[in-house]
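Trainee: The structure under discussion is supplied below as structure tokens; questions concerning it will follow.
Where a number appears in this text, it was derived from the coordinates with a stated rule and is not lab data. Just so we're clear, the structure is a prediction, and the values are computed from it rather than from any experiment. Every residue, glycine among them, receives a Cβ derived from its backbone with ideal geometry; neighbour counts consider all protein chains shown.
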Amino acid sequence: MFDIGFSEMLVIAIVALVVIGPERLPKVARTAGHLLGRLQRYVSDVKSDINREMQLEDLKKLQSEIRESARNVEQSLTTEMQAARQALDQTAATATSSHPAPTAREYPTVAEAAATGNAAPASPPVAAADASQPTRTV
């Protein structure tokens, strides 16, 4: 911190001994040591506060960058979804216009079957059970 050599410290000690006196010098040296320790702690606290603030500022900057990135991803996904939805709607409209929906029913209703003389409406064909396979009854 200060550029004080051994010879300068020796001169300061001799002057302090002459000015303060031998009986009060230990007490003054102890008080000076305590004050110097407090000063060093204060300086280290200020440094740590400054470092903490710098880290907090960096974290806030990083947080804003991540939020901006998330916003950009959300916007791109929204535009892609809209484009896909439009393409799907367009394909559905093209398919509907080129192939009309069938209007005839494959199986008659109960009322139609009764009117024609059939007892029950025709049901879709069921695959025949394999006779070699045993059946389970519950």
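Trainee: Which length gain, in nm to one decimal place, applies between Ala16 and Ser64 when the Cα-Cα distance is subtracted from 0.36 nm times their residue separation?
Mentor: Numbers: separation 48, 0.36 × 48 = 17.28 nm, distance 5.77 nm.
Here the segment from Ala16 to Ser64 would lengthen by 11.5 nm.
Trainee: Send over the Kirkwood Rh of the stretch 6-94, from the inverse of the averaged 1/r over different Cα pairs, rounded to one decimal Å.
Mentor: Values: mean 1/r = 0.0503 Å⁻¹.
With all distinct Cα pairs of the stretch 6-94 included, I get 19.9 Å.
Trainee: First measure r as the distance between the Cβ atoms of Leu35 and Met9, then evaluate 1/(1 + (r/R0)^6) with R0 = 25 Å and state the FRET efficiency to the nearest 0.05. It would help to have the intermediate numbers written out before the result.
Mentor: Numbers: r = 17 Å, r/R0 = 0.69.
For R0 = 25 Å, the calculated efficiency reads 0.90.
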